[in-house]
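Working notes for the structure below.
The values are calculated or read from the model by the stated rules, or taken from the named source; none is laboratory data. This one's a predicted model, so the numbers in the text were calculated from it and none came from an experiment. Neighbour counts run over all protein chains shown; Cβ positions are idealised from the backbone, glycine included. When the accessible area is computed, the model is the full protein with side chains, heavy atoms only, and any ligands, DNA or RNA have been set aside. Shrake-Rupley method; radii C 1.70, N 1.55, O 1.52, S 1.80 Å.
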Amino acid sequence: MEMFLIRGGRTLSGTVRVGGSKNAALPILAASLAIPGAVVVHGVPQLRDVATMLELLNSMGVITEQLNGAVQVYASDEITTLAPYELVRQMRASVCVLGPLVARFGLAKVSLPGGCNIGHRPIDLHLKGLAALGADIQLTSGYVIARCRRLKGADIDLMGPSGPTVTGTCNVMSAATLAEGCTIIRNAAREPEVVDLARFLNSAGANIQGAGTETLEIHGVDSLHSVAHTVIPDRIEAGTLAVAAAITGGDITIQNAPVASITSFVELLSRMGLSVEALNDSLRIRTRSELRPVDFSAEPYPGIPTDLQAQLMALLALVPGESHVTDLVFPERFMHAAELVRLGADIRVHGNSAVIHGVEKLSGAPVMASDLRASAALVLAGLAAEGQTELRRIYHLDRGYQAFEKKLNSLGAVVERMQDPLSPTMSGPHFGTTARNAESPELDRVFDQR
Ligand code: UD1
């Protein structure tokens, strides 16, 4: 297993480029299952979650090919429509194959995704939507089995207890493109990634109106056709890099930034006292004075994304005064708080909120990533901390950030990826001084500090 060794205290500066959006690419690749022709998706980031999605498609017999950031997908009429537990459990977004499969093939068997580190994440709204379209849904032995002759348009409300559902909207919207008649989805998620999926499906012959608003109107078509599409830039990667500038007192220009889709986040940074300049698709973040504490809630789009809550909390840990953070989307998403406390932060979690008292400094320590965005927050905190931070379980980070340490290092950070000397792969009988030296001299330094 790999880990990061982060030497903190460097001020980041320079220019960095954001890659394609993971959360746009995943439902688009899944929706390719509804299309009998060749699909080419440009700008797909090379991430573990994308690899898992491609593995899932391949396991069904879908032909995929990757070339220079583009992915070609061909789902023939002969594919199987089973998404097995072994793959779905690795990534919840796998459930996005359910709608496209049942709509095109009339049958899908998809494993239930199960638990997750950021809280209870049911898929009841996905199933409610597909059932409203006429799919017969059964839950058997940990699998959803959905069957239909042809889906029929319906009036569906996808509001959940914590707001609309993003992948639920993707699933039901993809399915409705092939349903007979008109579907109205009320309380649809308005996230840019849903809009990108709608653009993709419309280019393939679908008729979806209203994407980006809370009401979608979808006129079903008999079939979809070949399409080429470029995914939008990743707004969460852009936000994470912006926080990297802020937390190190740096000056970073982020290119290919989806500026229009992170306005509430940018407003929050400005409220904190950061200088934020947006010009076309680039965003310059500069720290010019002492930052101010803020209160914010993570909310569905266009609010501040829950996927940036942990990174912002890392920043607020170093902002003098008292800040309050609430997560209205995933009320239990605070696993990173305890790890930030290990680095010296003063954070108290009460229910779905956290109170943060800014400290003067963080100090490097061994910490553990619990989920994707928590790992990003810990990297950011490590960049600002005095001394060395060892971050373990970075496979969480690799799910959603492509070459993250390389991007940070190009801005002046010192983040080293290395084998974790404490991971099972290196703790066998042959593990000793020789193995440590052979692996990396840094490992010895890590050991010496224990
Ligand atoms: C997507 C994103 C994830 C992001 C999240 C919220 C992808 C691949 N993932 O996840 O990065 O953090 O949106 O912006 O795009 N809920 C229900 N019933 C359901 C579905 C969801 O009650 O059937 C609840 C969830 O528990 C949560 C809220 O609705 O409290 C929002 O979840 P949802 O938007 O579905 O998240 P995902 O689509 O899984």
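Observations
- Screening the candidates Val102, Val95 for the property of being more than 12 Å from the ligand (Cβ to nearest atom) and among the β-branched types (Val, Ile, Thr) yields one hit, Val102.
- Any hit, segment 203-221, residues being within 27 Å of Phe404 (Cβ to Cβ), within 16 Å of the ligand (Cβ to nearest atom) and assigned by TED's automatic domain parsing to the domain that holds Ala38: no
- In the set (1) outside any helix (DSSP H, G or I); (2) more than 26 Å from Lys407 (Cα to Cα); (3) touching a Lys or Arg at 6+ places or on another chain (Cβ under 7 Å), the condition left unmet by Leu33 is number (1).
- Checked against the criterion of being away from the ligand (no atom under 12 Å from the Cβ), under 30 Å from Pro331 (Cβ atoms) and out of contact with any strand residue (DSSP E or B) (no Cβ under 6 Å at 6 or more places or on another chain), the candidates Ser162, Ser174 yield just one match: Ser174.
- Selection status of Gly142, in contact with a strand residue (DSSP E or B) (Cβ under 7 Å, 6 or more places away or on another chain), at pLDDT below 95 and away from the ligand (no atom under 16 Å from the Cβ): yes
- Output for segment 73-101, where each listed residue is part of a strand (DSSP E or B), over 20 Å from Val40 (Cβ atoms) and open to solvent by 70 Å² or more (accessible area, probe 1.4 Å): Leu82
- Index of the failed condition, Met335 passing every other in (1) at pLDDT 95 or above; (2) of a type outside the set (D, E, K, R); (3) open to solvent by 30 Å² or more (accessible area, probe 1.4 Å): (1)
- When Ala34, Ala51 are checked against the criterion of being surrounded by 24 or more Cβ atoms within 10 Å (Cβ to Cβ) and farther than 29 Å from Gly250 by Cα, Ala34 stands alone in meeting it.
- Test result for Leu125, over 14 Å from Val172 (Cβ atoms), among the hydrophobic types (A, V, I, L, M, F, W, C) and either part of a helix (DSSP H, G or I) or within 13 Å of the ligand (Cβ to nearest atom) (or both): no
- If you go through segment 177-187 and keep only what is in a strand (DSSP E or B) and either open to solvent by 10 Å² or more (accessible area, probe 1.4 Å) or more than 16 Å from the ligand (Cβ to nearest atom) (or both), you end up with Glu180, Cys182, Thr183, Ile184, Arg186.
- Residues located in segment 291-332, provided they are open to solvent by less than 10 Å² (accessible area, probe 1.4 Å) and within 11 Å of the ligand (Cβ to nearest atom): Ala298, Leu308, Gln309, Ala310, Asp327
- Some residue of segment 377-386 being over 14 Å from the mean Cα position of the chain (by Cα), at pLDDT below 95, open to solvent by 10 Å² or more (accessible area, probe 1.4 Å) and small (Gly, Ala, Ser): no
- Cβ-Cβ distances below 8 Å connect the following pairs, each with a first residue in segment 147-171 that is outside the structural domain of Val329 (by TED's automatic domain parsing), a second residue that is within 16 Å of the ligand (Cβ to nearest atom) and of a type in the set (Ser, Thr, Tyr), and a separation of six or more residues or different chains: Leu158/Thr165; Leu158/Thr169.
- Selection status of Ala51, among the aliphatic types (A, V, I, L, M) and free of Cβ contacts under 8 Å to residues at least 12 places away in the same chain: yes
- Taking segment 145-159 as the range and being away from the ligand (no atom under 16 Å from the Cβ) and acidic (Asp, Glu) as the test, only Asp155 passes.
- Checked against (1) assigned to a strand (DSSP E or B); (2) buried (at least 20 other Cβ atoms within 10 Å of the Cβ), Ala246 meets all criteria but (1).
- Test: residue in segment 217-238 that is free of Cβ contacts under 8 Å to residues at least 40 places away in the same chain and outside any strand (DSSP E or B): no
- Arg288 satisfies every condition listed in (1) within 16 Å of the ligand (Cβ to nearest atom); (2) assigned to a loop (DSSP other than H, G, I, E, B) except (1).
- Residue in segment 174-185 that is farther than 24 Å from Leu112 by Cβ and within 20 Å of the chain's Cα centre (by Cα) present: no
- If you go through segment 15-31 and keep only what is among the polar types (S, T, N, Q) and open to solvent by less than 10 Å² (accessible area, probe 1.4 Å), you end up with just Ser21.
- Residue count for segment 376-427, restricted to those that are part of a helix (DSSP H, G or I) and of a type in the set (A, V, I, L, M, F, W, C): 12.
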